[in-house]
Amino acid sequence: MTPAPATHILGIETSCDETAAAVVADGRQVLSNVVASQHELHAPYRGVVPEIASRAHVERIEPVVRQALADAGLAAADLDAVAVGNRPGLIGSLLVGVSAAQALAWALGRPLIGVDHVHAHLHAANLTAPPTSAVAAPADAGPERVPPTTSTTSPALGLVVSGGHTSLYLIHSPTNLQPLGRTIDDAVGEAYDKAAVILDAGYPGGPRLDALAQRGDPGAHKLPRSMLEPDSLDFSFSGLKTALLYAVRGHPVGRGRDARFPRAAADLTDPQRADFAAAFQLAVVDVLIAKIERALDLLAQQATPVQHLVAGGGVTANSLLRHRLHQLGDARSLRVDIPHLAYCLDNAAMIAGLAHARFAAGEADTLDLPALPTTTT
Ligand code: KG4
Ligand code: ZN
């Protein structure tokens, strides 16, 4: 019997500040993965400016999609479906990707499949290494494991750590995620970005702070770890961020707009900056690991033992987090799937990959698929 021909899905992702398109075969094999980053446009503002982001998406979406098809060696007519991350995100940015996907699906007469961007981050670990391995793993990023040959065994515990989200899920299937906990204030990536501003570490904050932390002494400062109620699987990072601010600049004198800090970040030497970054990074990762362990213990008590952890989102690029997740896996005999570094940050391969699960189940959306700024779970 001849094997069934591969299913080729084009994914489009424009939820924040990356314009991305990718072609993925059978939900796992990445044939192309194009990401046009807007970092240089937002760097002067030290954060994403929504209006600038949506304008840049409009300019870049068409060449990015063309490039993804060319890199995959396919014509648009070879596609079996068009997928798009239609939620959650910046509404003006999402609309660009959704409109492009609607137009392509209509013109080609192919199904349109919308997926949740946050859920797609949990599919990233299933993707094969990028076609051109442009992203080299740093020496201490932990072993780059080959993506599993079988897809996620269920149930698995899912951790999403990104700039907009920090959540734990019980993964029953790629499209059936049960929320267990989420941040009640800042997302981890957001806390990293704000900590980088406090330390004047540059933009984008997460990777800058990660690099700085590797030169510092995490024991030089004691920063708080917020664990919330003993059985809570929610997260809180705003107290840690404020503790860092006061440790760096001293306690403010005065209130509100009149508040004045005794010191400035510019007063720090590079080694001092690195020590603060290392202490911050250790506090963040300690909390993430402790919450995962808490979730595993609670699930075991509830007769839902989990032997598989899937992580995703921009912060899974973090060197210490990758290392500690693998350590945890070894200590608790837990299978740990972390995305290749090429798929931690926002990308369209994860969108096309997750869409394949819906496509295989015969699901599709109508051409009036909406862009939704908030997630449903
Ligand atoms: O998943 P992502 O690309 O976008 C969202 O869906 O939000 O995540 C971006 C976030 C940013 O906050 C960025 O600072 C953070 O991921 N990030 C990192 C690292 N690389 C990116 N945070 C810590 N360490 C890193 N190496
Ligand atoms: Zn994301």
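The values are calculated or read from the model by the stated rules, or taken from the named source; none is laboratory data. Just so it is clear, the model here is predicted, and its values are computed rather than measured. Quick reminder, even Gly has a Cβ in these numbers, built from the backbone with ideal geometry, and neighbours come from all protein chains shown. The accessibility values were calculated without ligands, DNA or RNA, using every heavy atom of the protein model including side chains. Shrake-Rupley method; radii C 1.70, N 1.55, O 1.52, S 1.80 Å.
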Exercise for the section: Kindly provide the set of residues from the stretch 25-79 that are out of contact with any Ser or Thr (no Cβ under 7 Å at 6 or more places or on another chain) and among the acidic types (Asp, Glu), ordered by number. Expected result: Glu40, Glu51, Glu59, Glu62, Asp78
Practice task
Scan the stretch 49-66 residue by residue and report those that are under 21 Å from Pro111 (Cα atoms) and open to solvent by 30 Å² or more (accessible area, probe 1.4 Å).
Solution key: Glu62, Arg66
Handout entry: Flag for Arg255 being free of Cβ contacts under 8 Å to residues at least 40 places away in the same chain, open to solvent by 70 Å² or more (accessible area, probe 1.4 Å) and under 19 Å from Ala196 (Cβ atoms)
Key = no
Handout entry: Filter result for Tyr246 (among the aromatic types (Phe, Trp, Tyr), in contact (Cβ under 8 Å) with a residue 40 or more places away in the chain and not in a strand (DSSP E or B))
Key = no
Problem - Search result, residues across the stretch 20-48 that are free of Cβ contacts under 8 Å to residues at least 60 places away in the same chain and in a strand (DSSP E or B) - result: Ala25, Ala36, Ser37
Problem - Among the candidates Arg182, Arg215, Arg208, residue that is in contact (Cβ under 8 Å) with a residue 40 or more places away in the chain and touching a helix residue (DSSP H, G or I) at 6+ places or on another chain (Cβ under 7 Å) - result: Arg215
Exercise for the section: Considering only residues that are in a helix (DSSP H, G or I) and open to solvent by less than 20 Å² (accessible area, probe 1.4 Å), look in the stretch 207-225 and name the one that is nearest to ligand 1 (Cβ to nearest atom). Expected result: Asp210
Practice task
Could you tell me whether any residue of the stretch 256-274 is in contact with a strand residue (DSSP E or B) (Cβ under 8 Å, 6 or more places away or on another chain) and among the hydroxyl-bearing types (Ser, Thr, Tyr)?
Solution key: no
Exercise for the section: Scan the stretch 90-111 and give yes if some residue there is open to solvent by 40 Å² or more (accessible area, probe 1.4 Å) and within 16 Å of ligand 1 (Cβ to nearest atom), otherwise no. Expected result: yes
Fill in the blank from the handout: Of the residues in the stretch 164-206, those that are within 16 Å of ligand 2 (Cβ to nearest atom), outside any strand (DSSP E or B) and either closer than 19 Å to Arg87 by Cβ or acidic (Asp, Glu) (or both) number 7
